[in-house]
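**Student:** I am attaching a structure below and will ask some questions about it afterwards.
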Amino acid sequence: RMGMRNRSRGAMLVATACALIGAAHGMQLSHVRSAGAVRLAPAAVRRRCVRALPRGAFSATALAADTTIDAASVGAAAADQEAIFMEKTKLEEEAEKQRLADLKASNMTGFVEELRKYVDQINATGPPPLAPDNELRDVVLRSSTPPSRLHDDIYNYTFVNVPYEDAMYICAPEQATLLHLLARTVRAREALDIGSFTGYAAAAVMQALPASGRLTAIEMRGEYSEIAERFLGTLPPRLESRVGDALVELAALEAEGRQFDFITIDADKQQQQQYYEFGLRLLRPRGLLVMFGMMLYPTEEDKEVFDTMTKTMRS
């Protein structure tokens, strides 16, 4: 997908699916405010990160044995949290079944309407033609640089200490490797991470920055920002953490006159349009903007946001 932005803004958007990585994930890149340079844009969706150590292994139990936190403990903790999450989901499903049974007995018209809504939801959120391929992902993991020791520690700590329903959304290792490569390619010195969670993706970007560089991380939840600070504070580049509503923090950065070479957006989809617009204004010439979760398994809400953004890009 390619679209030329208004020349007065001097920007080129590139959203091309990379044949290999794009088939395993779904990430959209925007190379904006450029004199016309075109970049390949692999695609990536937020999904559970599964380890690549040993190379090619990807399961919550395939953790390196030499990490700071005992790998077996991490695997057990992740399994326990997953079991709790699944049990909670099962209880919610049973409650919903009972509600529908009661509705069917008392109001058949209402019951049929509920079924119609379920069918519409299934049709709206079903997998599109481009879907994750585990075998292909295995090839990508085996042929990619494995995660760093810092990434191992962040991953392990996250799965031990963060609720499973949140931990499962940690950035994938091949995504982090790609982010590191892209940040180095544009020779970023100032980076912005919108939706930093516990810092896995931010670590990859910071490791690509020079010692004099800086990464500004925005995270809504203070407890997750503190985890990121614990690990990212060990890196030479400076870390600036901002906790709170991303739109408020982005407005503050704009008011301060800040500019960035590399921006990643991995936050709630409802405000993705506003994040994108802020990103354009905060991006330096020849900077790179990377957006997560734009293409695979979209909900109806995702589709609406993406359609609105596509119209904005083409205007």
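The values are calculated or read from the model by the stated rules, or taken from the named source; none is laboratory data. These numbers come from a predicted model, not from an experiment. Neighbour counts run over all protein chains shown; Cβ positions are idealised from the backbone, glycine included. Just so you know, the surface numbers come from the protein's heavy atoms only, side chains and all, with ligands and any DNA or RNA stripped out. Shrake-Rupley method; radii C 1.70, N 1.55, O 1.52, S 1.80 Å.
**Student:** Please indicate, with yes or no, whether at least one residue in the range 266-286 is small (Gly, Ala, Ser), modelled with pLDDT of 95 or more and open to solvent by less than 40 Å² (accessible area, probe 1.4 Å). Can you show your working first?
**Tutor:** Residues of the range 266-286 that are small (Gly, Ala, Ser), as a first pass: 267, 279.
When the remaining residues are screened for being modelled with pLDDT of 95 or more, the result is 279.
Remaining after also requiring open to solvent by less than 40 Å² (accessible area, probe 1.4 Å): 279.
Yes - at least one qualifying residue is present in the range 266-286.
**Student:** A follow-up question, please. State all residues of the range 197-243 that are under 16 Å from the mean Cα position of the chain (by Cα), assigned to a loop (DSSP other than H, G, I, E, B) and touching a residue at least 60 places away in the same chain (Cβ under 8 Å); if no residue qualifies, say none.
**Tutor:** Scanning the range 197-243 gives a single hit, Phe197.
**Student:** Which residues, taken from the range 145-185, are of a type in the set (S, T, N, Q) and crowded, with 24+ Cβ neighbours inside 10 Å?
**Tutor:** Just the residues of the range 145-185 that are of a type in the set (S, T, N, Q), to begin with: 145, 148, 156, 158, 161, 175, 177, 185.
Those that are of a type in the set (S, T, N, Q) and crowded, with 24+ Cβ neighbours inside 10 Å: Thr158, Gln175.
**Student:** Being within 20 Å of Ala267 (Cα to Cα), open to solvent by less than 20 Å² (accessible area, probe 1.4 Å) and among the acidic types (Asp, Glu) is the requirement here; does Asp245 meet it?
**Tutor:** For Asp245, the condition - within 20 Å of Ala267 (Cα to Cα), open to solvent by less than 20 Å² (accessible area, probe 1.4 Å) and among the acidic types (Asp, Glu) - is not met.
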